[in-house]
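The block underneath contains the structure these notes are about, expressed in structure tokens.
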Amino acid sequence: MTYWILSFALFAQTSDASEDLTGIAKWAVDIMERLGAPGAGLAIALENIFPPLPSEIILPLAGFTVSQGTFSLAEALFWTTLGSVSGAMALYAIGAALGIERTKAIAHRLPLVHVSDIEKTEAWFHRHGAKAVFFGRMLPVFRSLISIPAGIERMPIPQFLLLTTIGSLIWNSIFVVAGYQLGENWDHVEPYANAFQYLVLAAVALVVGVFVIKRFKSDVLDKRMTESQGSGR
């Protein structure tokens, strides 16, 4: 009887604490309250497949829910990491189904993208794929996207699973433990996570911008040279 009274008290405490939450935060806490630690894993699996769902919010919330006594820290880390690996495997399967030849065919139809770009990326992935998968798990956006080229290149599944599990466990542990330590102040993690995410996105935007400008100038120059050679015959 005492056990059930304590359980009800803990659930009520968590529910009261989550009443002020809105949007994704409320959705994530509702899943965790209903399903327990597996709910945290489900939320993170969906976050891997749909990057707009921010792990930087879901993971600290999992830690906050741990601090409310809903489930243990070990359960939170196990299930969130399992969710990360499950989501990554889904995207790996998409990449494997796509394959390198289909990827090249798509690249051939895209403006400013050459098949040689895919071939260079393929060669780079053969050399650095293991590091890319491991460290990519700790970078916003790339956490999800890196699984697709791994699938396209058919990285051995045992290697992919090992690197994904270790990298995801490190990333998840940082945010879950932070949310656990901060308790109801879990949202203090968000500004730092957002700053890191914006820094990564700004770096990506800069690289993409430089690539597009250089490629556009190169393609225009090649076109002019071809036209001048044709008119000179």
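Bear in mind that the values in this text are calculations on the coordinates, not laboratory data. Worth saying up front: this structure is predicted, and the values here are computed from it rather than measured. Backbone-built Cβ (ideal geometry, glycine too); neighbour counts: all protein chains shown.
The table for this structure:
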{"read-out": "Long-range Cα-Cα pairs in the stretch 132-187 (distance over 14 Å), rounded percent", "value": "57 percent"}
{"read-out": "Chain lengthening between residue 120 and residue 72 when straightened (0.36 nm per residue, less Cα-Cα)", "value": "12.7 nm"}
{"read-out": "Distance (nanometres) between label positions extended 7 Å along Cα→Cβ at residue 202 and residue 105", "value": "4.1 nm"}
{"read-out": "Segment residue 27-residue 166, length gained on full extension (0.36 nm per residue, minus Cα span)", "value": "47.3 nm"}
{"read-out": "Segments 162-169, 90-97 sorted - mean Cβ within 10 Å per residue, highest first", "value": "162-169, 90-97"}
{"read-out": "Sequence of 32, 138, 155 once ranked by neighbouring C-beta atoms within 10 Å, starting from the fewest", "value": "138, 155, 32"}
